[in-house]
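Notes for the one structure printed next.
The values are calculated or read from the model by the stated rules, or taken from the named source; none is laboratory data. Everything numeric in this text was worked out from a predicted model, so none of it was measured. Methodologically, a virtual Cβ is constructed for each residue, glycine included, from the backbone with ideal geometry; neighbour enumeration extends over all protein chains shown. Heads up: the accessible areas ignore ligands, DNA and RNA and are worked out on the full protein's heavy atoms, side chains in. Shrake-Rupley method; radii C 1.70, N 1.55, O 1.52, S 1.80 Å.
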Amino acid sequence: MNNLLLILVGSIFVNNFVLVKFMGICPFLGVSRKLETAFGMGMAVTFVMGMASLVIYFVQNYVLVPLDLVYMQTIAFIVVIAVLVQLVEMVLRKVSFSLYQALGVYLPLITTNCAVLGVTILNVNNNYNLIESVVNGVGGALGFTLAIVLFAGIRERMELMDLPEWMDGFPGALITAGLMSVAFLGFSGLIH
């Protein structure tokens, strides 16, 4: 149980995919203008990362390794992730069409989100068992959600501020993301 808690805290704070490992930057910058869409993207990524960690554990250990097809790992992982993203896209279109429209092109881009592929490869490289893989996947996604929601909140407040012209829009967002990244580096000594 202690190990699972360390994996969870580590994946959310210490090894945050966006702010420490710099993975998943495209949706982080693209969908973080409004809190609602940022949270929706975070929940979509959480579902995909958690399910991908679960499914890919079985694909790796019961298909690729026994059939000596480990060299096909990346392709197999991307196929699993793409199927899960299509599932999320279909569900969002039926359940919350407004969120589906707000996420726009960034929803299918979860397929190419390197954080989703990165967590699955890290699970295999760290020899995580099934539970550890899912905890790492969900924790990584919760870390992504935390980062994107905090960033969206800051960006919404920045829109209301009287900022210098050079800091409006994307330059201000990059500076803010950099400062958030520096802040998250403060967690680096939390887990050894």
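Among residues of the stretch 127-143 being touching a Leu at 6+ places or on another chain (Cβ under 9 Å) and polar (S, T, N, Q), the one that is surrounded by the most Cβ atoms within 10 Å (Cβ to Cβ) is SER133.
Taking MET43 as the residue in question, decide whether it is in contact (Cβ under 8 Å) with a residue 40 or more places away in the chain and assigned to a helix (DSSP H, G or I). In short, yes. Test ALA141 against the criterion of being closer than 15 Å to PHE22 by Cα and out of contact with any Ser or Thr (no Cβ under 8 Å at 6 or more places or on another chain), and give yes or no. Here the answer is no, as ALA141 does not meet what is asked. Scanning the stretch 99-120 for residues that are surrounded by fewer than 16 Cβ atoms within 10 Å (Cβ to Cβ) and either in contact with an Asp or Glu (Cβ under 9 Å, 6 or more places away or on another chain) or not in a helix (DSSP H, G or I) (or both) yields a single hit, PRO108.
Can you tell me which residue among ILE191, ILE154, ILE175 is in contact (Cβ under 8 Å) with a residue 24 or more places away in the chain, of a type in the set (Val, Ile, Thr) and in a helix (DSSP H, G or I)?
Only one candidate passes the filter, namely ILE154.
Listed by first and then second residue, the pairs with beta-carbon distance under 6 Å, at least 6 apart or on different chains, first residue in the stretch 8-28 and within 18 Å of PRO108 (Cα to Cα), second part of a loop (DSSP other than H, G, I, E, B), are MET23/PHE17; GLY24/PHE17; GLY24/VAL18; GLY24/ASN113; PHE28/VAL18. Note on the stretch 89-98: among residues that are open to solvent by 30 Å² or more (accessible area, probe 1.4 Å) and part of a helix (DSSP H, G or I), the one that is nearest to PHE47 (Cα to Cα) is VAL91. Among the residues in the stretch 75-88, are any free of Cβ contacts under 8 Å to residues at least 24 places away in the same chain and open to solvent by less than 60 Å² (accessible area, probe 1.4 Å)? Looking for residues that are free of Cβ contacts under 8 Å to residues at least 24 places away in the same chain and open to solvent by less than 60 Å² (accessible area, probe 1.4 Å), one finds at least one in the stretch 75-88, hence yes.
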